Amino acid sequence: MKQCTIVAFGDSLTYGYGVLSHIAYPARLARQLPQQEPALSWHVYNSGINGETTREALRRLEQSVLCHRPQIVCVLLGSNDSALNEGQYRTPWEYEQNMSQIIERILASAQPETDFNGGRSLPLLLTPPPVIDTDFYPFTTTDRIELYSDIVRKLGESYHCPVADLFSAFLQKKEDAETYEALFQYDGVHLSNAGYDVLYELLEKKLLELLRSPIEG
């Protein structure tokens with residue numbers, strides 16, 4: 001494989017709401033992955049849209065994601081699906097159905113010019129992170145998001161797709177309340193610079209595990 005195209009697909013956590021553009025994880029991937037694997041030609045696209053749920057994401061999958069012919073699609077959705085906002089809430093059943101369709105359509109996207117993943121695009125699923133449970137932003141809670149994260153893990157097993165468990169990585173920080181709260185912006189939902197550090201460390205490790213096997217083999 002001489003090049004790797006990655007599409008970051010999701011909502012405001014992918015877009016980088018409330019942080020400088022270079023802090024959002026897609027920009028950091030584009031900046032740092034070439035240092036890790038300089039033999040590859042890297043193309044990273046940020047296809048995150050603020051406020052989006054799996055319903056809208058599914059509708060734009062072809063024109064916003066698969067059109068780039070990616071080797072890997074990082075899928076981070078669920079925070080908005082779980083929120084009790086009018087027009088955003090998607091039941092766990094709909095969320096699972098939408099995610100299943102997203103995964104299946106990514107896996108069906110052929111990449112004949114590469115031997116990565118047998119010439120097919122690969123979904124890399126991320127569980128949505130927890131939140132700070134306060135009255136300031138009561139539309140979603142950690143308990144609600146946990147259910148959606150469980151669905152992501154289950155789908156990863158069912159479709160044999162890699163999963164970066166962001167939910168668990170954040171909960172590990174909860175033992176220190178000050179450190180945990182520092183991972184979020186003022187609303188307790190969107191990630192701070194420190195939160196994106198946790199996301200990036202987890203995601204980069206997973207990506208390099210996926211890529212280095214075919215590269216070194």
Original post:
From largest to smallest, what semi-axes in whole angstrom does the stretch 163-213 give when each is the square root of 5 times an eigenvalue of its alpha carbon gyration tensor?
Top reply: 24, 11, 8
Subject >> Relative contact order of the stretch 70-198, pairs being alpha-carbon contacts under 8 Å that are 6 or more residues apart, as % >> reply: 25
**OP:** Please report the relative contact order for the chain, taking Cα pairs under 8 Å with a sequence separation of at least 6, and give it as a percent rounded to a whole number.
**Re:** 20
**OP:** About the Cα centre of the chain, how large is the charge dipole given +1 on each Lys and Arg Cβ and -1 on each Asp and Glu Cβ? Please answer in debye to the nearest 20.
**Re:** 820
Original post:
Amide H of TYR45: which non-local residues (sequence gap of 5 or more, or other chain) have their own amide H closer than 5 Å, using H built in the peptide plane?
Top reply: ILE6, VAL7, ALA8
Original post:
Per residue, how many Å² of accessible area does the chain show with a 1.4 Å probe?
Top reply: 46
Original post:
What are the semi-axes of the equivalent ellipsoid of the chain, taken as the square roots of 5 times the eigenvalues of the Cα gyration tensor, listed largest first and rounded to whole Å?
Top reply: 27, 20, 15
Original post:
How large is the Kirkwood hydrodynamic radius of the stretch 84-201, in angstrom, based on all distinct alpha carbon pairs?
Top reply: 15.8
Subject >> Full-extension gain in nm, THR134 to GLN35, via 0.36 nm per residue minus C-alpha separation >> reply: 31.6 nm
**OP:** For n ≥ 4 DSSP H runs only, could you compute -39500 (n - 2.57) per run for the chain, divide by its residues and tell me the 222 nm figure to the nearest 500?
**Re:** -13000 deg cm²/dmol
Subject >> Rounded percent of accessible protein surface that carbon and sulfur make up, the chain, 1.4 Å probe >> reply: 49
Original post:
Over the stretch 128-197, what is the relative contact order in whole percent, taking alpha-carbon pairs under 8 Å and six or more residues apart?
Top reply: 34
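The values are calculated or read from the model by the stated rules, or taken from the named source; none is laboratory data. Remember, it's a predicted structure, so these values are computed and weren't measured experimentally. In this analysis, Cβ positions are derived from the backbone assuming ideal geometry, glycine residues included, and neighbour counts consider all displayed protein chains. Remember, those area values only see protein heavy atoms, side chains included, never the ligands or the DNA or RNA. Shrake-Rupley method; radii C 1.70, N 1.55, O 1.52, S 1.80 Å.
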